[in-house]
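Visitor: The structure follows.
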Amino acid sequence: MFHSAVKRKLDAGETVFGSFLKVDAPSIAELYGLAGFDFLIVDAEHGCFTHGQIENLIRTCERMGMSSVIRTPDAQEANILHVLDSGASGIQVPSLKSAAEVREVINKAKYWPVGERGSARACRAAGYGTVPDYETRANAETLVAVHIENKEMVEEVEALCAIDALDVLFIGPGDLSQSLGHPGNAGHPDVVAAIDRVIEVAAGRKHIGTVVGNAAQLEAYVARGVRYIAWLSDLGMIRGALNAAAAHFVPYRPTGESL
């Protein structure tokens, strides 16, 4: 009971489009689906979600024909297991610093013979025990992405490309700027050089992802082979829409002040 279209599209060389979801709002998830997004990254690292809320968002994504990728809070086994048992299309794991840590994530996310994920066929992902080949399907169809968001992971990119069951290297420009000593300046030459290195080394070996916020960024990254695209987040887009609406009110305020 998991929607693996995004992984299949990536493996077929297609570009897929998603966004971060930071609030527990199935109605917003439905709006994403109606707009034609391919996937949502449910942000359990920075958002506030219970396991039950995440499972319901996974259901919503499936209903709308979208894949559900869960950004876990960390690489703890329980957090990986809960979301995959709930039927998530994949996981996106932050805060890692080495290829060895990534291999441990694979070990927790995949069943034998790839890994040692705990078996529970009564879970939602396995159709509550009705999918006889569930472990084989889960190993083949579950997407695993990791964040490249610190200088250590940039240095490890060659080793990361050698990990067979790893699907996506997701570049986080904001976190990279922090790690490289230039907080908030994703355009700093050091940050740009780090991003360039990841793309150059991983191109043709791993799927590459990142977050974009405008058409120019989108065009530039896609032209370089970045195929797993997250367009901002629900909160970022809602904020932008609200600010744009509020700007119309300014002429009618006594002092012309903005909100």
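The values are calculated or read from the model by the stated rules, or taken from the named source; none is laboratory data. From a predicted model like this one, the values you see are computed outputs, not experimental measurements. With ideal geometry, Cβ positions are generated from the backbone for all residues, glycine too; neighbour counts draw on all protein chains shown. Calculation scope for accessible area: heavy atoms of the full protein, side chains included, ligands and nucleic acids excluded. Shrake-Rupley method; radii C 1.70, N 1.55, O 1.52, S 1.80 Å.
Visitor: Considering only residues that are open to solvent by 50 Å² or more (accessible area, probe 1.4 Å) and touching a Pro at 6+ places or on another chain (Cβ under 9 Å), which ones fall in segment 175-191?
Guide: Matches in segment 175-191: Asp175, Gly187.
Visitor: Same structure, new question: Against the condition open to solvent by 40 Å² or more (accessible area, probe 1.4 Å) and either closer than 23 Å to Cys123 by Cα or of a type in the set (A, V, I, L, M) (or both), how does Glu55 come out, does it pass?
Guide: Numbers: open to solvent by 40 Å² or more (accessible area, probe 1.4 Å): yes; either closer than 23 Å to Cys123 by Cα or of a type in the set (A, V, I, L, M) (or both): yes.
Judged against the criteria, Glu55 is a match.
Visitor: Further question on the same structure: State yes or no: is Ala245 out of contact with any helix residue (DSSP H, G or I) (no Cβ under 7 Å at 6 or more places or on another chain) and touching a residue at least 40 places away in the same chain (Cβ under 8 Å)? It would help to see each step written out before you state the result.
Guide: Values: out of contact with any helix residue (DSSP H, G or I) (no Cβ under 7 Å at 6 or more places or on another chain): yes; touching a residue at least 40 places away in the same chain (Cβ under 8 Å): no.
Here the answer is no, as Ala245 does not meet what is asked.
Visitor: While we're on this one: Considering only residues that are open to solvent by 40 Å² or more (accessible area, probe 1.4 Å) and not in a helix (DSSP H, G or I), which ones fall in segment 31-48?
Guide: Step one: filter segment 31-48 for residues open to solvent by 40 Å² or more (accessible area, probe 1.4 Å), giving 31, 34-37, 45-46, 48.
Those that are open to solvent by 40 Å² or more (accessible area, probe 1.4 Å) and not in a helix (DSSP H, G or I): Gly36, Phe37, Glu45, His46, Cys48.
Visitor: Let me ask something else. Out of Glu149, Glu155, which single residue is among the acidic types (Asp, Glu) and within 18 Å of the chain's Cα centre (by Cα)? Don't jump to the end; show me each part of the working.
Guide: On the way: Glu155 fails: within 18 Å of the chain's Cα centre (by Cα).
Of the residues listed, the single one that is among the acidic types (Asp, Glu) and within 18 Å of the chain's Cα centre (by Cα) is Glu149.
Visitor: Here's another thing I want to ask about it. Answer with yes or no whether Phe37 is farther than 29 Å from Glu155 by Cβ, at pLDDT below 95 and touching a Ser or Thr at 6+ places or on another chain (Cβ under 9 Å).
Guide: Considered against the rule, which asks whether it is farther than 29 Å from Glu155 by Cβ, at pLDDT below 95 and touching a Ser or Thr at 6+ places or on another chain (Cβ under 9 Å), Phe37 comes out as no.
Visitor: Within segment 201-259, track down each residue that is closer than 25 Å to Val191 by Cβ and of a type in the set (Lys, Arg). Spell out how you get there, then give the answer.
Guide: Our first condition is that a residue be closer than 25 Å to Val191 by Cβ; within segment 201-259, this holds for 201-233, 235-237, 239-240.
The answer is Arg205, Lys206, Arg224, Arg227, Arg239.
Visitor: Please determine, by comparing only the residues of segment 101-120 that are surrounded by 16 or more Cβ atoms within 10 Å (Cβ to Cβ) and of a type in the set (Gly, Ala, Ser), which one is nearest to Glu152 (Cα to Cα).
Guide: Ala109
Visitor: So how many residues does segment 71-93 have that are buried (at least 19 other Cβ atoms within 10 Å of the Cβ) and assigned to a loop (DSSP other than H, G, I, E, B)?
Guide: 6
Visitor: Say we look at segment 121-153 and pick out the residues that are touching a Ser or Thr at 6+ places or on another chain (Cβ under 8 Å), charged (D, E, K, R) and in a helix (DSSP H, G or I); which of these is surrounded by the most Cβ atoms within 10 Å (Cβ to Cβ)?
Guide: Glu135
Visitor: Inside segment 202-237, can you point out the residues that are in contact (Cβ under 8 Å) with a residue 24 or more places away in the chain and open to solvent by 40 Å² or more (accessible area, probe 1.4 Å)?
Guide: Those that are in contact (Cβ under 8 Å) with a residue 24 or more places away in the chain and open to solvent by 40 Å² or more (accessible area, probe 1.4 Å): Arg205, His207, Val211, Val222, Arg224, Arg227, Trp231, Leu232, Leu235, Met237.
Visitor: All but one of (1) under 18 Å from the mean Cα position of the chain (by Cα); (2) within 18 Å of Ala145 (Cβ to Cβ); (3) of a type outside the set (Phe, Trp, Tyr) hold for Gly236; state the number of the condition that does not hold.
Guide: Going through the list (1) under 18 Å from the mean Cα position of the chain (by Cα); (2) within 18 Å of Ala145 (Cβ to Cβ); (3) of a type outside the set (Phe, Trp, Tyr), Gly236 breaks only (2).
Visitor: Here is a follow-up. I need a count of the residues in segment 1-30 that are farther than 30 Å from Thr136 by Cβ, buried (at least 18 other Cβ atoms within 10 Å of the Cβ) and among the β-branched types (Val, Ile, Thr). Give the derivation first.
Guide: Step one: filter segment 1-30 for residues farther than 30 Å from Thr136 by Cβ, giving 19-20, 22-28, 30.
Remaining after also requiring buried (at least 18 other Cβ atoms within 10 Å of the Cβ): 19-20, 22, 28.
The next check asks that each one be among the β-branched types (Val, Ile, Thr); those that pass are 28.
The number of residues fulfilling the criteria is 1.
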